[in-house]
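Input: a single structure, listed below in C-alpha cells.
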Amino acid sequence: MLFTNDDIQEIIRIMDASFQDELHLETSHFRISLRKATGERSGWTQEIETLRKPNLIYHKAKQPEFAEKAEAQAEQDIAANPAPSAAGLLDILPPLLGTFYRSPKPGAPPFVEIGSKVEADTIVGIVETMKLMNPVAAQVHGIVAEICVADGQSVEADRVLMRVWQETA
Amino acid sequence: MTMRRLLIANRGEIAARIIRTCHRLGIETVLAASEADLNSIPARMADQTICIGPAKSAASYLNVDLVVAAAVEAGADAIHPGYGFLSENVLLATRCRESGILFIGPTEAQLDGIGDKLKARGHAVAAGLPVVPGGTIDAVEDAREMAEKIGWPVLVKAVSGGGGRGMKPVHDPAKLKETIEMAMAEASAAFGDGRVYLERFVASGRHVEVQLLGDGKTILHLGTRDCSVQRRYQKLVEEAPAPDLSDKVRAAMHQAAVDFGRHMEYCGLGTVEFLVDCKSGEFFFLEMNARIQVEHPVTEAITGLDLVAEQIAVAEGWPLRIDQSDIGFSGHAIECRINAEDWTRDFRPSPGTVAAAVFPAGDGIRVDTHVERGVQVPPYYDSLLAKVIVHGKDRPDAIERMRAALANCCIEGVATNVAMHSALFESPEFTKGGIDTSFFPSFLQR
C-alpha cells in the first residue's frame, strides 16, 4: 500500500487530538515515523522508508541489446584507477563525480592531448554531473603524459583522469 | 477506452507522483527505468519495473524505440511521459499511435506546433496574443538590423530550446555576431536544430503562466502561477495564484491563454507562459509547455483538482467533466524545489547517498519526493530531490507555513538548498510579492 498525503494529514490530526507526539509504524512494505517538532520549531515531521522490493520484469525483446550495452557500460564504469604514478607524475582528478568529456562538444577537438603543456588553470576536460557541465582545471603545471579515462566514461571523484610530467625549472 | 496498465517513461518525484494517482484510480503501473534507477523509490512503488537501458539518458529515457518496446513488452495500453525527457517528443507520440498505445499528452500536430518556438509564436499571433517584439534570423549579417529594430538588449533563443536552455542575452552590439554563432553551434549540439531567433530582452519581467486543461473542444484555465524566482532560467519557487496582479491583468491573461488553447484546439494539460513587463504592466506570450509541469501541485492545492487524473481522463477520450464555473480558487499555495546542490559553492551538484530524509508534514503541507534514507542520488539526472508545497488561507499565511515547513526539512548525505529557501522566505522583497526575474540573482549576491 502507498501512504497518501491525505492519510498522513489525517493521522497527524488524530494524534494532535489525542495529545500524542510520536508514531512509529513498520510493516513488510514500509516504515514510517511521525514526530511533533520540538524546541523553536512547530508542526510535524515525517520520515518514510519504502521497504517493498522492486518487481522487475524482463524486457525480452530488447534484452540482448541491453545486456551488451550494460556489460560494456559496467566494464567501462568499474575500470580501476591506473597503477600508482611513477615518480615525477602528478594526478589530475575531477572536481566531482560524473561523466568525463575530453572535448567542449561532440566532434570538437579535445582540450588537451598527450604532450600538451598545461598550467594550473588550463581546462583539460569537462565533467557532467546532474546535467551541469563542470570544467576540469589541471590544478598542476607540466606536460600531459597519460590520459587515463576515455571520452564519455563515468568517473568517481577519486578517479585519476590524467597524469602530468612535472616541469622542472 | 479505459486505461488498465500504464507505462511511466520517467523517473524521480514525477514518476512517484503519477504512480500515486494511478494507484488511486486502480490503474496498474509499469515503470520504465534505467539501470541506475532499478532500485529507486518509484521502482519500489510501481506494480512492475522494466529496465530500458543504461544509466545515461540518451541510451534509456531519451530513446523512443526502447520506451515504446518496453510498453509493448509490458502490455501497457498507455504511456505517461511526465515532464522533461520525451514528454514533448512528436516521434514518441507517433510511435505510440503506430503501436496502438495511448500517448498521454496532446496530439502530434499540437506537439509540433508548440514545441517549435517559432511556430508557437506564429500561432500566438494568429490567436491574437501579444508576443515579445522579435523575429527570425536567416543570416547572421541580417541580425544587426533586426536587433536595432527590436531595440537593445536582445535575447538570442534556440527554436528548439526549452526549460531555460538555449537562451543568451546580448547587451553589447559588438558581441551579437559571435553570440549568435555560438548559440547556433550549441543549439545544433543540444537540440539537433541550429535555428535561432531574436527577441527583445525584457530586463524587469515577471514570469507568470496560466494552466490550461482542454479536451479539444472545451478549453478551461486553472488560474495563474508565478515562477519569477529563477536562477539561470531554472525555477526554484513557484506560487499560485500569481501575487500582486490587478484583476484586470489577471483576467486578460486567463483569456489570452484560453484563446491560444482554443486556436490550437488543445487536448490535454498544458501551460501558457507569459512575460509580464513590470514597468508597463503589459504581458507577452513566451511559449507553451505541452505537458504536466514540475510546479503543477500549487495549482492542485488551490483548485482541489488532481491534474494527472484529468490528463488521464482526457487521454482516454472523455470530454471534460468540469466546466469553468466549477473551478474555484481557494487560498494561496507555494512550492519550493529542494535540489541536491550546494548553494554556498556556486550551486555545485551534489549526488551521493542520502543519509537522512526528514520532511515536514501536517495540515496544508504536501511533499512530493523520491528520496528516503539510504537512497542513491545518481549523477546522471537533474538535481530535484523533493518539492515542498504549502497551502494557506492567503499569501502571508502560506509564507508562514513555508518557513515552519522548511525548518522541519532535514536531508543529510547530500548538500541541498533548503537553507537558501529559508533565507529567501525572510527577504522583505520576496514576502512583499511581485518580484521580477532579476531579483533572485541579486538576492544571492548579498
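The values are calculated or read from the model by the stated rules, or taken from the named source; none is laboratory data. Every value quoted in this text rests on a predicted model; they were computed, and no experiment measured them. Here Cβ is always computed from backbone atoms with ideal geometry, including for glycine, and neighbour counts include all displayed protein chains. With ligands, DNA and RNA removed, areas are computed over all heavy atoms of the protein, side chains included. Shrake-Rupley method; radii C 1.70, N 1.55, O 1.52, S 1.80 Å.
Return yes when B:VAL64 is within 12 Å of chain A (Cβ to nearest Cβ), at pLDDT 95 or above and within 24 Å of the chain's Cα centre (by Cα) and no when it is not.
no
Among the candidates B:ALA109, B:ALA124, which residue alone is outside the structural domain of B:LEU307 (by TED's automatic domain parsing), in a helix (DSSP H, G or I) and in contact (Cβ under 8 Å) with a residue 60 or more places away in the chain?
Answer to the selection: B:ALA124.
Quick check on my filter: what residues within segment B:403-419 are part of a helix (DSSP H, G or I), open to solvent by less than 30 Å² (accessible area, probe 1.4 Å) and touching a helix residue (DSSP H, G or I) at 6+ places or on another chain (Cβ under 8 Å)?
B:LEU406, B:VAL418
What pairs can you find where one residue is in segment B:316-338 and closer than 30 Å to B:ARG5 by Cα, the other is modelled with pLDDT under 95 and open to solvent by 40 Å² or more (accessible area, probe 1.4 Å), and their Cβ atoms are less than 8 Å apart, with a gap of 6+ or different chains?
Within 8 Å, the pairs are B:GLU316/B:MET1; B:GLU316/B:THR2; B:GLY317/B:MET1.
I'm told B:ALA313 meets every condition in (1) within 29 Å of B:LEU102 (Cα to Cα); (2) under 18 Å from the mean Cα position of the chain (by Cα) except one. Can you identify the failing condition by its number?
Going through (1) within 29 Å of B:LEU102 (Cα to Cα); (2) under 18 Å from the mean Cα position of the chain (by Cα) one by one, B:ALA313 breaks only (2).
Does B:THR49 satisfy being in contact with an Asp or Glu (Cβ under 7 Å, 6 or more places away or on another chain), buried (at least 19 other Cβ atoms within 10 Å of the Cβ), at pLDDT 95 or above and of a type outside the set (A, V, I, L, M)?
Answer is no for this residue.
Take the residues in segment B:243-290 that are outside any loop (DSSP other than H, G, I, E, B) and without any contact (Cβ under 8 Å) to a residue 40 or more places away in the chain; name whichever of them is surrounded by the most Cβ atoms within 10 Å (Cβ to Cβ).
Selected residue: B:VAL249.
Going through A:LYS117, A:LYS105, A:LYS131 one at a time, which residue ends up being more than 17 Å from A:CYS148 (Cβ to Cβ), modelled with pLDDT of 90 or more and charged (D, E, K, R)?
Checking each option against the conditions leaves just A:LYS117.
Taking the condition of being surrounded by 17 or more Cβ atoms within 10 Å (Cβ to Cβ), in a strand (DSSP E or B), of a type in the set (A, V, I, L, M, F, W, C) and away from chain B (no Cβ under 11 Å), how many residues in segment A:137-164 meet it?
Selection size over segment A:137-164: 5.
In segment B:17-34, is there at least one residue being without any contact (Cβ under 8 Å) to a residue 60 or more places away in the chain, under 17 Å from B:PHE85 (Cβ atoms) and not in a strand (DSSP E or B)?
yes
What are the residues in segment B:349-400 that are acidic (Asp, Glu) and either more than 11 Å from chain A (Cβ to nearest Cβ) or crowded, with 23+ Cβ neighbours inside 10 Å (or both), if any?
Those that are acidic (Asp, Glu) and either more than 11 Å from chain A (Cβ to nearest Cβ) or crowded, with 23+ Cβ neighbours inside 10 Å (or both): B:ASP394, B:ASP397.
Filter segment B:52-63 down to residues that are closer than 22 Å to B:ARG17 by Cα and either open to solvent by 40 Å² or more (accessible area, probe 1.4 Å) or β-branched (Val, Ile, Thr) (or both), then give me how many there are.
2
Residues to consider are B:SER280, B:SER246, B:SER228; find the one that is in the same structural domain as B:SER383 (by TED's automatic domain parsing) and at pLDDT 95 or above.
Only one candidate passes the filter, namely B:SER228.
Which is over 30 Å from B:GLY328 (Cβ atoms) and open to solvent by 20 Å² or more (accessible area, probe 1.4 Å), of B:GLU145, B:GLU199?
B:GLU145
Within segment A:37-51, can you find the residues that are over 18 Å from B:VAL388 (Cβ atoms), of a type outside the set (Asp, Glu) and either more than 26 Å from the chain's Cα centre (by Cα) or surrounded by 17 or more Cβ atoms within 10 Å (Cβ to Cβ) (or both)?
Hits for segment A:37-51 are A:THR38, A:GLY39, A:THR50.
Go through segment A:97-136 residue by residue and tally those that are more than 14 Å from chain B (Cβ to nearest Cβ), assigned to a strand (DSSP E or B) and either among the hydroxyl-bearing types (Ser, Thr, Tyr) or surrounded by fewer than 21 Cβ atoms within 10 Å (Cβ to Cβ) (or both).
2
Assuming B:ASP346 fulfils every condition listed in (1) open to solvent by 20 Å² or more (accessible area, probe 1.4 Å); (2) facing another protein chain (nearest Cβ under 8 Å) apart from one, which condition is it?
Just one mismatch for B:ASP346, condition (2).
Determine which single condition B:MET3 fails, assuming it passes every other condition in (1) facing chain A (nearest Cβ under 10 Å); (2) within 23 Å of B:ALA313 (Cα to Cα).
(1)
Does B:ILE114 fit the bill of being in a strand (DSSP E or B) and either surrounded by 19 or more Cβ atoms within 10 Å (Cβ to Cβ) or not assigned by TED's automatic domain parsing to the domain that holds B:ALA174 (or both)?
Here the answer is no, as B:ILE114 does not meet what is asked.
Of the numbered conditions (1) modelled with pLDDT of 95 or more; (2) within 12 Å of chain B (Cβ to nearest Cβ), A:GLU22 fails exactly one; give the number of that condition.
Of (1) modelled with pLDDT of 95 or more; (2) within 12 Å of chain B (Cβ to nearest Cβ), only one is false for A:GLU22: (2).
One residue is enough: does segment B:78-85 have a residue meeting the conditions more than 20 Å from B:HIS296 (Cβ to Cβ) and in a loop (DSSP other than H, G, I, E, B)?
no
Does at least one position in segment B:102-113 carry a residue that is closer than 21 Å to B:ASN63 by Cα, of a type outside the set (S, T, N, Q) and touching a Cys at 6+ places or on another chain (Cβ under 6 Å)?
Yes, the conditions are met somewhere in segment B:102-113.
Specify the residue that is nearest to the other protein chains (Cβ to nearest Cβ); the eligible residues are those in segment B:77-95 that are in contact with a Leu (Cβ under 8 Å, 6 or more places away or on another chain) and open to solvent by 10 Å² or more (accessible area, probe 1.4 Å).
Ranking the candidates gives B:PHE85 first.
Among (1) of a type in the set (A, V, I, L, M, F, W, C); (2) in a helix (DSSP H, G or I); (3) over 22 Å from B:LEU212 (Cα atoms), where does B:ALA357 come up short?
(2)
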